[in-house]
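A.B. asks: Before anything else, here's the structure in question.
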Amino acid sequence: MERIELPDTNVSDFSQARRAAVEKAGEVLSSPVIVAWKDDNSGKSAPEIPGGKGDRWHDYGESNEGVLELQVGNPYHFIFMESEGFVEPDINLASLEDNGAKFLCLNDACTKEDLEKIGYLGGGLGG
């Protein structure tokens, strides 16, 4: 998996870090999708894995087609997969917009706030 570290200039919260990661992922991948993430400041990560400890979010991202890991500053970590070439859209994907930045994430890798905005009623556990 390719790993890129981005400086934390002008990043003060998770939402800003995610926008920076999505922007950079769009420069590297044709169709990036957030598979997993971790916020060291809040201690949250996604997907939440019952009984999972430590870096289970990272193990999940790696084992579910993660090809790019982006670290924004010290506390924010994101794993992306490449979705170009998928034959059909995955119904487990959410299409989101954050301050004009449009991106996709697996439902379980979305925040609860994101899922509430789009009216998702499924089992997203993403923190």
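A.B. asks: Give me the net charge for the shell around Tyr60: Cβ to Cβ below 11 angstrom, other residues only, Lys and Arg +1, Asp and Glu -1.
C.D. replies: Net charge around Tyr60: -4.
A.B. asks: Helix-only estimate, please: 222 nm mean residue ellipticity of the chain, summing -39500 (n - 2.57) across DSSP H runs of length 4 or more and dividing by its residues, to the nearest 500.
C.D. replies: For the chain, the value works out to -7000 deg cm²/dmol.
A.B. asks: To one decimal place, what Kirkwood hydrodynamic radius in Å is obtained for the chain from all pairs of distinct Cα atoms?
C.D. replies: 14.4 Å
A.B. asks: Which percent, to the nearest 5, of DSSP beta bridges fully inside the chain are antiparallel?
C.D. replies: The answer is about 75 percent antiparallel.
A.B. asks: Hand me the tally of lysine pairs in segment 2-118: alpha carbons under 24 angstrom apart, and the pair either on different chains or 8 or more positions apart.
C.D. replies: 15
A.B. asks: Moving on. If you place +1 on the Cβ of every Lys and Arg, -1 on the Cβ of every Asp and Glu, and leave all else neutral, what size is the dipole of the chain about its Cα centre, to the nearest 20 Debye?
C.D. replies: Charge dipole, the chain, about its Cα centre: 280 debye, nearest 20.
A.B. asks: How do 2-12, 93-103 rank on mean C-beta neighbours within 10 Å, highest first?
C.D. replies: Going by the mean number of other Cβ atoms within 10 Å, highest first, we get 93-103, 2-12.
A short reminder: the numbers here are calculations on the coordinates, not readings from a lab. Nothing here was measured: the structure is a model prediction, and the numbers come from that model. Note that each Cβ is placed from the backbone with ideal geometry, even for glycine, and that neighbours are counted across all protein chains shown.
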